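The values are calculated or read from the model by the stated rules, or taken from the named source; none is laboratory data. What you see is a predicted model; the values in this text were computed from it and never measured. Virtual Cβ from ideal backbone geometry, glycine too; neighbours counted across all protein chains shown. Protein only, heavy atoms only, side chains kept; ligands, DNA and RNA dropped before computing areas. Shrake-Rupley method; radii C 1.70, N 1.55, O 1.52, S 1.80 Å.
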Amino acid sequence: MRMYENFGSDERIIHVCVNTDCAMRGSEAVRDRLRAVVDESDSDLEVNDYVCFAACEQGPNLLIEHSRAFYSEVTPQDAEAIVEHAEGGDPVAAIDRSSSFIARKIFNMLDAGFKPGDLSLSSDT
Ligand code: FES
């Protein structure tokens, strides 16, 4: 039994790392395309700027908080499939790193009550 199993997240947020390494690999274009797809689909998903998951060398990285999904080497062309996954669809297998060591550490922090948005760049939180 996990100690913090009741503390999972239900926030409908996609956190996109826009720190230096991920930005150099195109994460801002990924974020912008995700926001466009969300807007076009009339979804209530939020796409949030985030600063560093400590997986910099495999960026652009993003976390779908409520799906417990972590994606790496994301491109703008992945945006539609990522939003589909965030809306309850299937994971995007080619870029899914949710079983990686760093993803498990992130999920452990979520289980412990840590909210990624607490350190986000969004000004409305
Ligand atoms: S710069 Fe994106 S994970 Fe570190």
Original post:
Is it the case that VAL74 is open to solvent by less than 30 Å² (accessible area, probe 1.4 Å) and within 14 Å of the ligand (Cβ to nearest atom)?
Top reply: yes
Subject >> Inter-residue pairs, beta-carbon under 6 Å, first modelled with pLDDT of 95 or more and in the stretch 8-21, second charged (D, E, K, R) and open to solvent by 70 Å² or more (accessible area, probe 1.4 Å), 6+ apart >> reply: VAL18/GLU28
Original post:
Among (1) buried (at least 23 other Cβ atoms within 10 Å of the Cβ); (2) within 15 Å of the ligand (Cβ to nearest atom); (3) β-branched (Val, Ile, Thr), where does ILE82 come up short?
Top reply: (2)
**OP:** Working carefully through the options VAL74, VAL51, VAL83, VAL47, find the one that is modelled with pLDDT under 95 and under 17 Å from SER27 (Cα atoms).
**Re:** VAL51
Original post:
Just wondering, is there one or more residues in the stretch 100-112 that are surrounded by 15 or more Cβ atoms within 10 Å (Cβ to Cβ), away from the ligand (no atom under 15 Å from the Cβ) and on the phi > 0 side of the Ramachandran plot?
Top reply: no
**OP:** Search the stretch 39-71 for residues being touching a Leu at 6+ places or on another chain (Cβ under 7 Å) and of a type in the set (Val, Ile, Thr), and hand back the single one that is most open to solvent (accessible area, probe 1.4 Å).
**Re:** VAL51
